[in-house]
1. Out of the residues in segment 252-273 meeting the condition of being part of a helix (DSSP H, G or I) and small (Gly, Ala, Ser), tell me which one is surrounded by the most Cβ atoms within 10 Å (Cβ to Cβ).
2. Exactly one of (1) in contact with a strand residue (DSSP E or B) (Cβ under 6 Å, 6 or more places away or on another chain); (2) within 26 Å of LEU208 (Cβ to Cβ) is unmet by TYR93. Its number?
3. Collect the residues in segment 119-144 that are within 20 Å of ASN187 (Cα to Cα), among the hydrophobic types (A, V, I, L, M, F, W, C) and part of a loop (DSSP other than H, G, I, E, B), keeping them in residue-number order.
4. Look at segment 283-328 and say how many of its residues are polar (S, T, N, Q) and either within 16 Å of ILE266 (Cβ to Cβ) or open to solvent by less than 40 Å² (accessible area, probe 1.4 Å) (or both).
5. For the structure I just gave you, tell me whether ASN191 is within 16 Å of ligand 1 (Cβ to nearest atom), farther than 22 Å from LYS275 by Cβ and either touching a residue at least 60 places away in the same chain (Cβ under 8 Å) or not acidic (Asp, Glu) (or both).
6. Among the residues of segment 108-130 satisfying the criterion of being open to solvent by less than 30 Å² (accessible area, probe 1.4 Å) and of a type in the set (A, V, I, L, M), which is farthest from ligand 2 (Cβ to nearest atom)?
7. Looking at (1) part of a helix (DSSP H, G or I); (2) more than 16 Å from the chain's Cα centre (by Cα); (3) at pLDDT 95 or above, find the lone condition where ALA175 falls short.
8. Among the candidates VAL184, VAL190, which residue alone is open to solvent by 30 Å² or more (accessible area, probe 1.4 Å) and of a type outside the set (Phe, Trp, Tyr)?
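The values are calculated or read from the model by the stated rules, or taken from the named source; none is laboratory data. Bear in mind the structure is a predicted one, so any value in this text is a computation, not a measurement. Neighbour counts run over all protein chains shown; Cβ positions are idealised from the backbone, glycine included. SASA here: full protein model, heavy atoms, side chains in, ligands and nucleic acids out. Shrake-Rupley method; radii C 1.70, N 1.55, O 1.52, S 1.80 Å.
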Amino acid sequence: MYSLMKLFLISFSLLFGGINGEMGSNQLLGPRKVPKLFVFGDSYADTGNTKRDTEAWALPYGITFPGKPSGRYCDGLIATDFLEKVLGAESPYLYRTHGRKKKIKRGMNFAFGASKMLESSPNSPFPNITAQVNFLVDFVLAGRVYGDITPSDVSLISYAGGDYIYYIDQNRPAAGLKAIVEKVVDNLHVNMIILSGLLFKKIAVTSLQPIGCLPSYTSSSSFKSCNESQSALVELHNKLLKKVVAKLNEQSRVMKKGQHFFIIDIHNAFMTVLKNKGSKRFKNTMKSCCEGYCGRSSDGKKLYTLCDDPKSSFFWDEVHPTQEGWRSIYSVLGKPLTEFLTKP
Ligand SMILES: *[C@@H]1O[C@H](CO)[C@@H](O)[C@H](O)[C@H]1NC(C)=O
Ligand SMILES: *[C@@H]1O[C@H](CO)[C@@H](O)[C@H](O)[C@H]1NC(C)=O
């Protein structure tokens, strides 16, 4: 409720007060502005907000890029980095390092590894996704976004199902998942409405990857096949999300708001790569490069093993793709994504 009230306030002030030369017609004729990218989410999108005592800040994370741990849950570059390249955006600031700066001249990455949607503890080191979106609302209300939000700017909610994975790993009854999925998608919906209230023209959300294909759920089949127990929840999530996004686009069309909502179809991209259609790039598609307790050691002994070449694996650890994995995902996403991003 609090955020909806703020949303109203902010739309009001942006529509009737705060419009400055930024949105004038000269800009349409002038050179295209460097787009700003704003990202909310979890470890699939976090480029270094996560606390220093998490695995992502320990070896072997980061060995491919930048050559040492950087807080990314990967051997190298991840989704946010590839998206930023496709968009032609400057690298978004990290909330951790620039969250207290007076003015931000670029976009910002608010994503935290291990963030969930329905995590409600105010003491959690990982703000939930709604809280992350509210950080940006506060920024905009305080006039801290340099040049305001422009039509080429993009906002993205990247959600990899942390709430579901937590639930499944506690061995709780599968029947309870439906209600959680509905709640999560409701929250995604509200957050997209808030982003539209900030006057973003381009609002993207990821579909949910096939959770049952993650190495943590395929180890029992020796990494041969995806665990189908997780398919129903993934399908439901993606079906509800499609509905929500279609509705938002329809509302934007009817009300002539010129806002585009877009699903970055990570699910389809994962499936395409895992089925290895058209590419034999990966020696290991289902098995991760790092096995064991990646990023952990005890008495100076590593608690994990590494494959010879991370480039030959799609998965880096039990949950996250490698840099090459993300690269292949973004090459599958290709044209529709580029079209959405470069839409006037
Ligand atoms: C998200 O976090 C905020 C701040 O901790 C909390 O007030 C809110 O209830 C949380 N949202 C959900 C859906 O749990
Ligand atoms: C699939 O995952 C469920 C947990 O959701 C687990 O109980 C089951 O044993 C797994 N099946 C296989 C074949 O690994």
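1. Initial filter on segment 252-273 (part of a helix (DSSP H, G or I)): 252-254, 266-273.
The next check asks that each one be small (Gly, Ala, Ser); those that pass are 252, 269.
Values: SER252: 17, ALA269: 24.
Across segment 252-273, the extreme among qualifying residues is ALA269.
2. For TYR93, the failing item is (2).
3. Passing the criteria: only PHE126.
4. Residues that pass the stated criteria total 7.
5. Yes.
6. Residue satisfying both the conditions and the ranking: MET108.
7. It fails just one condition, (3).
8. Values: VAL184 fails: open to solvent by 30 Å² or more (accessible area, probe 1.4 Å).
Of VAL184, VAL190, the one residue that is open to solvent by 30 Å² or more (accessible area, probe 1.4 Å) and of a type outside the set (Phe, Trp, Tyr) is VAL190.
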